[in-house]
Amino acid sequence: MTNRLELSGVIAKDPKRSQSPAGVPHCHFVLEHRSYQREADLPRQVYCYINVVVSGQGQQRLTQDLAVGSHIKVGGFVSYQTGRNGIGKLVLHADHIEKNCSGD
């Protein structure tokens, strides 16, 4: 089954770094996407926030220069996660980041 998402946007919240009990490093941030798309042959403005996590020792070099306002394009798979408060959210688990992308 296919599960792949690519999205460009701006980092909207400061990246937070953490480490799992198993020692796996993680970087969490929120990506804000805004664009115009065509739907039913009409232009439509679209907007979303999505939580992004980058995991693994080798992947952390991709996140070292990220900050609020950075323009990036991320790619990875999506997964549904339930927080401690019981509220669920869609999370993009990124394995690819391109920096300085402006509204592809």
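The values are calculated or read from the model by the stated rules, or taken from the named source; none is laboratory data. Nothing here was measured: the structure is a model prediction, and the numbers come from that model. Here the Cβ positions follow ideal geometry from the backbone for every residue, glycine too, while neighbour counts run over all protein chains shown. Heads up: the accessible areas ignore ligands, DNA and RNA and are worked out on the full protein's heavy atoms, side chains in. Shrake-Rupley method; radii C 1.70, N 1.55, O 1.52, S 1.80 Å.
Here are the numbers:
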quantity	calculated
Heavy-atom accessible area ranking, 1.4 Å probe, most first, across 63, 82, 2	2, 82, 63
Sequence-separation-based contact order of the stretch 5-99, relative, with Cα cut under 8 Å and 6+ spacing, percent	30 percent
Residue 28 - accessible surface, heavy atoms, 1.4 Å probe, Å² rounded to 10	80 Å²
Dipole in debye (nearest 20) - the chain, about Cα centre, beta carbon charges: Lys, Arg +1; Asp, Glu -1	280 debye
Rounded to the nearest 10 Å², the accessible area of residue 27 at probe 1.4 Å	0 Å²
Kirkwood-based shape ratio for the stretch 5-99, expressed as Rg/Rh from alpha carbons	1.01
Prolate/oblate/rounded label for the stretch 1-46 (Cα gyration tensor, a/c 1.5)	oblate
Per-residue SASA entry for residue 17, accessible area with 1.4 Å probe, Å² rounded to 10	130 Å²
